[in-house]
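The values are calculated or read from the model by the stated rules, or taken from the named source; none is laboratory data. Since the structure is predicted, the reported quantities are computational estimates derived from the model, not experimental observations. Cβ: placed from backbone, ideal geometry, glycine included. Neighbour counts: every protein chain shown. To get the accessible areas, we keep the full protein, side chains included, count just its heavy atoms, and leave off ligands, DNA and RNA. Shrake-Rupley method; radii C 1.70, N 1.55, O 1.52, S 1.80 Å.
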Amino acid sequence: MGYRVIEEYLRQGQNVARTMGIPSPGGAPADDGLQNRMGAMLRSFTDFASLWMELMGRMGAGGAASAPGVTPPVGTAGPFPAGAAPAAPEPPKAVAPAPQVVPEPQAVVPLALTLDLDSPRRVEVSLELRPRSSTLPLVVHDLRAPEPDKPRITGVGLECLSEEERVILHLQVPEAHPPGVYSGLIVDERTGLPRGTLTVRIPPR
Amino acid sequence: MSNERPIDIAVIGGGCAGMAAAFELTRPEHQGRYRVTVYQLGWRLGGKGASGRGPADRIQEHGLHLWMGFYENAFRLIRECYAELQRDPATCRIADWRDAFVPDHFNGLADWSPRGGWSPWTARMPPFEGLPGDPGNEVPRWSIADYLARSLELVRALVMTVWEPASGTAPDAQRVPAGVGTPEAVLESMSSLLKYGQFATLAAVLEALGLMEVALGTLRRYPENLLLRFHDAVAAALRERFAKLIETDDQLRRLWEIIDMMLAVVRGGLRFRLLTDPRGFDAIDDYDCREWLRLNGASEGTINGAFVRALYDLTFAYEDGDVKKPRVAAGQGLRGAFRAFFTYRGAFFWKMQSGMGDVVFAPFYEVLKRRGVRFAFFHRLEDVRLVAPERLAPGERPHVEALEFDVQAEVVGGGEYQPLVDVRGLPCWPVAPDYRQLVEGERLEREGWQFESHWDRRKVGTRTLRVGEDFDVAILAVGGGAIPHVCKQLVERDSRWRAMVERVKTVPTQAFQLWMSANMSELGWTEPPINVSGFVEPFDTWADMSHLASEESWSQPPAAIAYFCNALPDVPEEERQRPAFPHEQHERVRRNCVQFLERDIVHLWPRAHGDSGGFRWDLLQDARESPEAGASPQGEARFSSQYWTANVNPTDRYTLSLPGSLKFRLSPLDNTYDNLTVAGDWTDCGFNQGCVEAAVMSGRLAAHSISGAPRLEEIVGFDHP
């Protein structure tokens, strides 16, 4: 599926480039088409950014799915108690079980989050952050909606308190900001590599 | 056909995967570009699906085979095969695929009540629209969100079935839940319900379930936290309502176990972010399925209940065949269950109307012969030889330079062995080779050559196929358990192959068949013919196969036929190498059968035991019994007239889907070796579970890797989440 999303992302980009490069009959770009494509491309970008994060997370986490606070897999839940062959004949010789393949448990330190939200209205905040990010200097890109005419949410800050394994998210949403879903990448300032995404949804009034 | 020399394809192994690959590569559309030869151990095709006609033409299988209604690839090919075969219904009773496969709606589980004792839990699975393998009828590619929404729909339907009439007007299942409209409205309704905790009535819970269905089915991005909190509130309300009721009511407890499981699946799907994870279900394959359900809130009763247990039984999902080690990768387990329950067409199960060899492999053999495929029987692969790295020219890729075989028997006159026998107009496979066709056949028969036995290494010669001379491309389609034995050099040289054989484990299986003089109702089974799983060890699965009686040639047809199967506890590798091993295992399975009939079968067939207790051995029909033959064995010894098998040959071992193992599988699309591809249900084929469908998918993928056809999107399920 990853490849398909990436291909779609590239295709959308090519389409946009093509549209921009071909003048419309009136000499001006076809605004509606371009806007739609820009919107679609931005949505693709949002998906692609998430996908990228997933892939990065996968590389870092050794492939195990992550769910906050969930025990890492041990690969068994014990036998079924009912009818589990209490009197089943034993094999002729004792069975020496082969060593089980147990994936390496992953040490995940829980990360605390403090949300410093300044908003006169209700918003939903969704933060995805790769493990072991709290020690890094992180910056959050401006949050953008898929619709290009909507203003960005700017000035988002992410402060890391490595000794407490805590991050503090500073977010300000002006009252007049239009409803929608706004997303931005969280990147490591030193390397420029993505470490997570921040999504804010402003529901309609 | 073009003037170019055809590409010679060596298909090694004539099971489902090998047949699918050969079928695809010899389609008329290829215009003879591929010249296929199938190399097969012994005298018959089929691999784990091989069957044979024994005394009284009775059908003897490797195990119990049922085709599931979601086997889209397998049904597509077999339907095309029958269409091409054009058998005359006037002369052949199985002329069309609908003669060969019959919908089987009635199924059951053996349920262990907390108060003790087994009881059958039966259900008639409703027929779904369409037929499996329908041509030109696109199978929807379901997303995980679709599956979760469907799970909630099922939960809602099950809750509806236990609606107490006294509690008021039954809620309308079809009613659109409040708040449906825009996605925002759905979320607002959910937030509002959550805020006020309005789950006091069952109607509210049903409405809440409906809201979640809509949310999962329509939202483009999922506010997972809200959904999760909402789900937990709904689940808590349901648990509270059911907790007391299920203590005393088995029927309700069973329904609750399914509801509870589905709630855990939805919860896990949200919690593990499967809806947006690009890996789909694969993301949780390091977990065992029950372990994952437990992590997501399923109760102990549920993960140990009949339903979950049957899912393990159906795929022999016991590591080392040990019932104390039920293990299956969670992602594949869920994928399998979702595909099985939500995407079947026509019927949940389809039952074959003869042996699997006769219904599946004889038609494939006949069609492929017509297309010009050659069959080299009695060829046992010994090694796949790679070209030495130092001999590779610059830029040349690693490849197979030779395939080494032991030739087990030569055919008189040097022609091709004719493997089929005629059973009243139906081409079938026999249980033993036709020795008359073999050079010194009489001696081979007298000396008891066991052509399918891994332990009988006798041969009449060897044969080396060389690349460029005898073959261009090889498709390795042997059983997964055989790889360490037939690919020694590959395993030694290539770390990925080594990891694959170490991690992708297989397990032996056991099966037996009974032919009885009393019908099922006389034995105390009063319900229609059924397939039951989740029963005791050593045989947890039973299918009533009485419909096959007319297919066999008994002077006095049996009134009932029953098939049983299960995994067989494994023994260490060094034990398995002893020459006496297969005989010991055969005897071990016989003892299991006798013990099972004496001790356990009475739970399903209350009248199978005599007045003084113990199994009524006189029920068993002996195919060799005749007035001339003298007295037949009586008592327990009469069991020797029935059929049982210990599937301990490496090629017969069943491939497991253990947690953490699936990433070690090799793909048929892997092109590490220029002229070698793999096929079998042990490969990474998009449905990584031992079954006919996986084998056929892998065979189609192998064909795609060589010819580009079929297109990947035609291989249903390959790109499903």
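At a glance:
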| quantity | calculated |
| --- | --- |
| Cβ crowding within 10 Å averaged over residues, with B:351-359, B:695-703, B:600-608, B:580-588 ranked highest first | B:695-703, B:351-359, B:600-608, B:580-588 |
| Probe 1.4 Å, accessible area per residue of segment B:252-327, Å² | 21 |
| Heavy atoms of B:Ser191 accessible to a 1.4 Å probe, total area in Å² rounded to 10 | 30 |
| Under 5 Å, built H, 5+ apart or other chain: amide partners of B:Asp383 | B:Glu404 |
| Nitroxide proxy distance, nm - points 7 Å out along Cα→Cβ at B:Glu404 and A:Val125 | 6.8 |
| Relative contact order [Cα under 8 Å, 6+ residues apart], chain B, whole percent | 22 |
| Loss of accessible area when B meets A, both sides summed, Å² nearest 100, probe 1.4 Å | 4600 |
| Helix axis angle, B:16-25 relative to chain B longest principal axis, alpha carbon, degrees | 80 |
| Per residue solvent-accessible surface (Å²) - segment B:509-647, probe of 1.4 Å | 38 |
| Cβ neighbours within 10 Å from other chains - mean over B:502-509 | 1 |
| Protein accessible area in chain B, 1.4 Å probe - carbon and sulfur % | 51 |
| Probe 1.4 Å, all protein chains present, accessible-area order of B:Thr651, B:Thr218, largest first | B:Thr218, B:Thr651 |
| FRET efficiency for B:Arg458 and B:Glu575, using Cβ-Cβ distance with R0 set to 25 Å, rounded to 0.05 | 0.65 |
| Neighbouring partner chain Cβ atoms per residue of B:562-575, average, 10 Å criterion | 3 |
| 12 Å beta-carbon shell around B:Thr541, net charge (K/R +1, D/E -1) | -3 |
| Whole-Hz ³J(HN,Hα) from phi, Karplus 6.51 cos²θ - 1.76 cosθ + 1.60, for segment A:167-183, glycine and proline x | 10, 10, 9, 9, 9, 10, 10, x, 4, 7, 5, x, x, x, 10, 10, 10 |
| Over 25 Å (Cα to Cα) - which of B:Lys459/B:Lys505; B:Lys48/B:Lys351; B:Lys324/B:Lys505; B:Lys48/B:Lys325; B:Lys325/B:Lys505 fall in this group | B:Lys459/B:Lys505 |
| Amide H within-cut-off set for B:Tyr318, under 5 Å, with H built and near neighbours excluded | B:Arg327 |
| Inter-chain Cβ neighbour average for residues B:322-335, partner chain, 10 Å | 3 |
| Segment B:Asp434-B:Asp670, extension gain: residue separation times 0.36 nm, minus the distance between their alpha carbons | 81.1 nm |
